[in-house]
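Only the coordinates and a few stated rules stand behind these numbers; no lab work does. Just so it is clear, the model here is predicted, and its values are computed rather than measured. Backbone-built Cβ (ideal geometry, glycine too); neighbour counts: all protein chains shown.
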Amino acid sequence: MKLVRYGNPGKEKPGLIDSEGRLRDLSAVVPDLGPAQLGSVMMARIRKQNPEKLPLVRGKPRFGCPVASVGKFIAIGLNFADHAAEAGAPIPKEPVVFMKATSCIQGPNDPVMLPRGSTKSDWEVELGIVIGERARYVSKKDAQAHVAGYCIVNDVSEREYQLERGPQWDKGKGCDTFGPIGPWLVTPDEIENVQRLGMWLDLNGKRMQTGNTRTMIFDCAKLVSYVSHFMTLMPGDIITTGTPPGVGLGMKPPLFLKKGDVMTLGIEGLGEQRQDVVGFKA
C-alpha cells in the first residue's frame, strides 16, 4: 500500500494511492495515519479495503507528512561509505545516531525556509523507516516485524550550525522546515528489496546526488535493531538512514542553498518530493 495524508497543514486526512495512481479517501476506515493506526491489526484492516470502493479525491491537494504525531525523528549520519569519503570522515564502526526535532517535520512539497542568517544550508536525500510496532532490544532477524513502511526524507542541514557551533549535530538538523517527509508511506510488501533502491536529488534541474541503498554501511534491519538497544522505538517513530554522496558540503568549492533554489528528489518506488527554497520569515 501507498498511504498518504492530504489537506491543509494541521487538517490532513488519511488517504491511499490506488493502482492507477489516484488518491482515495480513507477517512471512513481510520481517523488518521498515526501511532494508533500503524500496527499490524489496523494496517490489516486498511489492507482489506477495496480501493475502487473508497471515495476518489478530486484535484491535487497538498500532501502532508504521511505519519501523524511522530514521536521521535531519529537520524543516522555517515551511513554511506562514499558520502563519508566526501565528508573526509572515517567509516563509522557503529551507527552515528542523532535527533532531528519533530518541529521540523513538514509535507514533501512544502517550501524549505532558510534559518535566519544561514549561509550553509544543504540537502540530503534519505530513506526513512517508519516504526509500526514497539521495538525494544530487538534482533536484526526480527527487526522487519516492527516496520510499518518506508518513505523519502530530505534531511536538510545547516552545516555551520551542525559542524562549527559545538560537537553536537542536532543544532543544524532541526531548524523549521528541515524535515520534508513523504509523499507516501509505502508498506514493505510493495518493495522487493529495500536495500536495492535508487536515490537521486536535483538542484535547479541539475543532478547532485545519485545513489543506491545497497551502499549503506548499516542496512535497515541493523539500524532498527541497533537503535532499539538505546531507546524504545514506538509506533510512528521515524529513522532516517543517511545520504549518498553529492551534498553541497562535499562540492569543491562547497555549494549551499539560497533563496529561489528548487530541490527535487526521489527514491525508487517511494515517489518524489519538490521544495522551493525561501528566505527566513519570522
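Below, the figures for the structure above:
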item: Ascending count of other beta-carbon atoms within 10 Å, so fewest first, for Phe73, Phe218; result: Phe218, Phe73
item: Cut-off 12 Å between beta-carbons: net charge of the residues surrounding Val41, Lys and Arg +1, Asp and Glu -1; result: +2
item: Tensor-based shape of the stretch 2-53 (alpha-carbon gyration tensor, a/c under 1.5 rounded, otherwise prolate or oblate); result: oblate
item: Only Lys, Arg (+1) and Asp, Glu (-1) charged, at Cβ; the chain dipole about Cα centre in debye; result: 440 debye
item: Residue exposure sequence - Tyr161, Tyr137, Tyr150 - by fewest surrounding Cβ within 10 Å; result: Tyr137, Tyr161, Tyr150
item: Burial order of peptide ranges 246-252, 234-240 (average beta-carbon count within 10 Å, highest first); result: 234-240, 246-252
item: Sequence-distant lysines (8 or more away, or on other chains) whose Cα lies within less than 27 Å of Lys259; result: Lys60, Lys100, Lys120, Lys171, Lys173, Lys206, Lys281
item: Expected 222 nm ellipticity per residue - DSSP helices of 4 or more, -39500 (n - 2.57), all of the chain, to 500; result: -2000 deg cm²/dmol
item: Residues His83, His229 arranged by fewest to most Cβ contacts within 10 Å; result: His229, His83
